[in-house]
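First the structure, in the form of structure tokens, and then the observations on it.
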Amino acid sequence: ELKVEQNPLFLSMQEGKNYTIYCNYSTTSDRLYWYRQDPGKSLESLFVLLSNGAVKQEGRLMASLDTKARLSTLHITAAVHDLSATYFCAGFMYSGGGADGLTFGKGTHLIIQP
Amino acid sequence: DVKVTQSSRYLVKRTGEKVFLECVQDMDHENMFWYRQDPGLGLRLIYFSYDVKMKEKGDIPEGYSVSREKKERFSLILESASTNQTSMYLCASRHNRGPGEKLFFGSGTQLSVL
């Protein structure tokens, strides 16, 4: 059974600072997903990481995947208030039936203060 | 634009009632999913479907059933609602074309069972 753990679960930081959210998973999972959720809204896909060493960047967010360490990171550079949200990572769980159910971490509630 | 539509944004039901949550997607996606989201627990997979009339149990299927009679529609059924099923329910869908396919979420149904 795949388990996904994020840390920290809560993060308050100041604008302009850098920080990293960590996502560890328990068994082989060579696909890793990052999602963003704003309060009262649904989840928005940020990144899909498919292979060891994969790195993807969009704006101030950069995600990476190390399948050997079973670790993905979401790095925030020079944070701005608009990035305040809850961030989820999710690993891939193969069912054998043709579809895959994602296993989500508990989410990191990020608050960026001026 | 991709669209996953959940029929109700808020729903209040009584214990013991039969509850239907409906989800429709307009992207011809093969795979559809139902998750529930609870504070501090993240998203947990209830059921998913990889094709019409096909279904697979997720991590927490107890007390739920699903129906997929048409490709675009995936229904979650609570046969006899209980208070511990009070939660936010999220439907999602994606193509089954490969590992890089993103999962698209509906806006969620907040269900309260009294």
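The values are calculated or read from the model by the stated rules, or taken from the named source; none is laboratory data. From a predicted model like this one, the values you see are computed outputs, not experimental measurements. As a convention, Cβ positions derive from the backbone with ideal geometry for all residues, glycine included, and neighbour counts pool all protein chains shown. Side chains are part of the model used for accessible areas, which takes the heavy atoms of the whole protein and leaves out ligands, DNA and RNA. Shrake-Rupley method; radii C 1.70, N 1.55, O 1.52, S 1.80 Å.
What value in Å³ per residue do you get for the convex hull of the alpha-carbon atoms in the stretch A:4-113?
It is 96 Å³ per residue.
Along the charge dipole of chain B, Cβ charges K/R +1 and D/E -1, which of B:Asn84, B:Gln25, B:Leu41 sits furthest on the positive end?
Of the listed residues, the answer is B:Asn84.
Given a 1.4 Å probe and every protein chain left where it sits, what share in percent of the accessible area of chain B is carbon and sulfur? Could you put the intermediate results ahead of the total?
Working: 2670 of 5420 Å².
Ligands and nucleic acids excluded, carbon and sulfur reach 49 percent.
May I ask you to compute the full-extension gain from A:Gln14 to A:Ser51, defined as 0.36 nm times their residue separation minus their alpha-carbon distance, rounded to one decimal in nm? Display every interim value, and only then the final one.
On the way: separation 37, 0.36 × 37 = 13.32 nm, distance 3.23 nm.
Value of the extension gain: 10.1 nm.
On full extension of the chain, what length is gained from B:Glu101 through B:Glu62, given 0.36 nm per residue of separation minus the C-alpha to C-alpha distance?
Numbers: separation 39, 0.36 × 39 = 14.04 nm, distance 2.84 nm.
Between B:Glu101 and B:Glu62, full extension yields an extra 11.2 nm.
Give the interface area between chains A and B as buried accessible surface, both sides summed, probe 1.4 Å, in Å² to the nearest 100. Present the calculation step by step, with values, prior to reporting the outcome.
Working: alone 6410 and 6350 Å², together 10850 Å².
Using a 1.4 Å probe, the pair buries roughly 1900 Å².
I'd like the per residue volume of the convex hull spanned by the Cα atoms of the protein assembly as shown, given in cubic angstrom.
Numbers: hull volume 26.9 nm³, N = 228.
That works out to 118 Å³ per residue.
Report the calculated FRET efficiency for A:Lys68 and B:Ile77 (r = Cβ-Cβ distance, R0 = 30 Å), to the nearest 0.05.
0.10
For chain A, which longest stretch is free of loop sites, where a loop site is one of the GluC sites (Glu not before Pro) that DSSP puts outside H, G, I, E and B and that has at most 15 other Cβ atoms within 10 Å? Present the calculation step by step, with values, prior to reporting the outcome.
On the way: sites that count: A:Glu1, A:Glu15.
Segment A:16-114 is the longest.
Round to the nearest 0.05 the FRET efficiency obtained for B:Gln110 and B:Glu17 when R0 = 22 Å and r is the Cβ-Cβ distance. Walk me through the intermediate numbers first.
Working: r = 16 Å, r/R0 = 0.73.
Efficiency for this residue pair is about 0.85.
Could you please state how large a percent of the accessible area of chain A is carbon and sulfur, counting protein chains only and using a 1.4 Å probe? Write down the numbers at each step before the final one.
On the way: 2690 of 5430 Å².
Of all accessible area on chain A, carbon and sulfur atoms account for 50 percent.
Express the accessible area of chain A per residue in Å², computed with a 1.4 Å probe while the remaining protein chains stay in the model.
On the way: 5430 Å² over 114 residues.
About 48 Å² of surface per residue is accessible.
Per-residue mean of other chain beta-carbon atoms within 10 angstrom of the beta-carbon, peptide B:75-84? Before the final figure, lay out each step's value.
On the way: counts 0, 0, 0, 0, 0, 0, 0, 0, 0, 0.
Partner Cβ neighbours, averaged per residue: 0.
Enter the Cα centre distance for the pair the stretch B:94-109 and the stretch B:1-50, rounded to the nearest angstrom.
13 Å
For the stretch A:23-70, what D do you get in µm² per second when you plug the Kirkwood radius from alpha-carbon pairs into Stokes-Einstein at 37 °C and 0.692 mPa s? Don't skip to the answer; put the middle values down first.
Numbers: Rh = 11.7 Å.
Reported coefficient: 281 µm²/s.
Rounded to the nearest whole Å², what accessible area per residue is found for chain B with the 1.4 Å probe? Could you put the intermediate results ahead of the total?
Numbers: 5420 Å² over 114 residues.
Per residue, chain B has an accessible area of 48 Å².
What would the Debye formula give as log10 I(q)/I(0) at q = 0.10, 0.12, 0.19, 0.24 Å⁻¹ for the alpha-carbon point model of chain B, no solvent?
Here log10 of I(q) over I(0) equals -0.26, -0.38, -0.94, -1.46.
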